[in-house]
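One structure below.
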Amino acid sequence: MDKKEIVIALAGNPNAGKTTLFNQLTGAHQKVGNWAGVTVEKKEGMLLHRGSKIRIVDLPGIYSLTAYSVEEVVSRNFILDEQPDVVVDVLDASNLERNLYLATQLIELNIRLVFAMNMVDVAHARGIITDYDNLARLLGVPIVKTIGTRGEGIKELLDTVLEVSADRDPISRHVHIHYGQEIEEEIEKIRQRLKGVPDIANRYYPRWTAVKLIENDPLVKKAVAASPEGEAVIKQTDISRDHLQGIFEDDPETLIAEARYGFISG
Ligand code: GDP
Ligand code: MG
């Protein structure tokens, strides 16, 4: 049975058209405030679609899911800790490659995702031709074309959100970004160790946590270290990072970022 109320979060790069889509989706039914403890604006709205109540949260614009800016931390914590039913990533179709960096990181979270391919009018005017159906199949995420300023694609977007939230969407599947054998082996070692830390393993997708630890992500490291069983994971992380540093010339975080860019250009 479909849920009575679902929560969707709008994520995306700055200027991809999130607020424009948010306004089209919610109309006048908006509440504006601040995120707890920070001076970043928080917008929420409600709407009804095909009998389902949908609460929409407009997340701050971000380029990545690291923890280096307050916007990234707010967006990431909302997605990880509040666990919205569906995350809609708004992509600028005229700047697709750059926008896919965040999209790739959202894919890695193994969450219910929809891509709103916005600004298709701009892409079209520039002669950019993209096979969105094929891209959606490759990424395992449904893509809905939108033109925020004209309200085009809004109904289709909401239909897709409902299908994804009910696990009925035929395109949705989890795709792994492959990091190459050496890194994959270390991801696996950390992932195995994470099984001994149930409060982390149950909260976050373990493969994602392992990748973030290899990237030396301060917030994930802190969360793992705060857990009584976390020490073995931190130890394995140090060993894995040293090992990778020894094999390659670069920092593990650089290797991970390069692999993501490789996945995107592929
Ligand atoms: P945000 O930073 O992601 O919230 O982006 P905004 O919603 O503020 O949009 C950035 C700019 O792009 C604004 O000037 C919008 O009017 C414009 N915009 C949004 N969606 C579209 C679209 O689909 N096509 C065109 N041509 N412009 C758009
Ligand atoms: Mg905005």
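The numbers here are math on the coordinates, done by the rules we state, and not lab data. These numbers were taken from a predicted model, which means no experiment stands behind them. Every residue, glycine as well, gets a Cβ built from its backbone with ideal geometry; the counts of neighbours run over all protein chains shown.
A few comments on the model shown:
- Other residues within the sphere of radius under 14 Å centred on the Cβ of residue 139, judged by their own Cβ, net out at -2 (K and R +1, D and E -1).
- Largest-first principal axis extents, alpha carbons of the range 181-265, Å: 37, 26, 21
- Highest-MSF residue in the chain out of 59, 219, 91 [GNM, Cα springs under 10 Å]: 219
- Ellipsoid equivalent to the range 1-40 - semi-axes via the Cα gyration tensor, in Å: 21, 16, 12
- DSSP-defined antiparallel bridges as percent of all bridges, the chain, nearest 5: 40 percent
- Centre separation in Å (Cα based) which lies between the range 7-37 and the range 88-152: 17 Å
- The chain - percent relative contact order, Cα under 8 Å, separation 6 or more: 16 percent
- Computed lengthening from residue 203 to residue 69, 0.36 nm per intervening residue step minus Cα-Cα distance: 46.0 nm
- Gaussian network model of the chain, springs between alpha carbon atoms under 10 Å - residue of 39, 66, 19 with greatest fluctuation: 39
- Out of every Cα-Cα pair that the range 49-142 contains, those further apart than 16 angstrom amount to 59 percent.
- MRE, 222 nm, helices only [DSSP H, n ≥ 4, -39500 (n - 2.57), over the chain, to nearest 500]: -14000 deg cm²/dmol
- Residue with peak Gaussian network fluctuation, the chain [Cα springs, cutoff 10 Å], from 115, 248, 22: 248
- Looking at the range 34-170, the DSSP beta bridges with both ends there are about 50 percent antiparallel.
- Computed from Cα atoms alone, the Kirkwood hydrodynamic radius reported for the chain is 19.3 Å.
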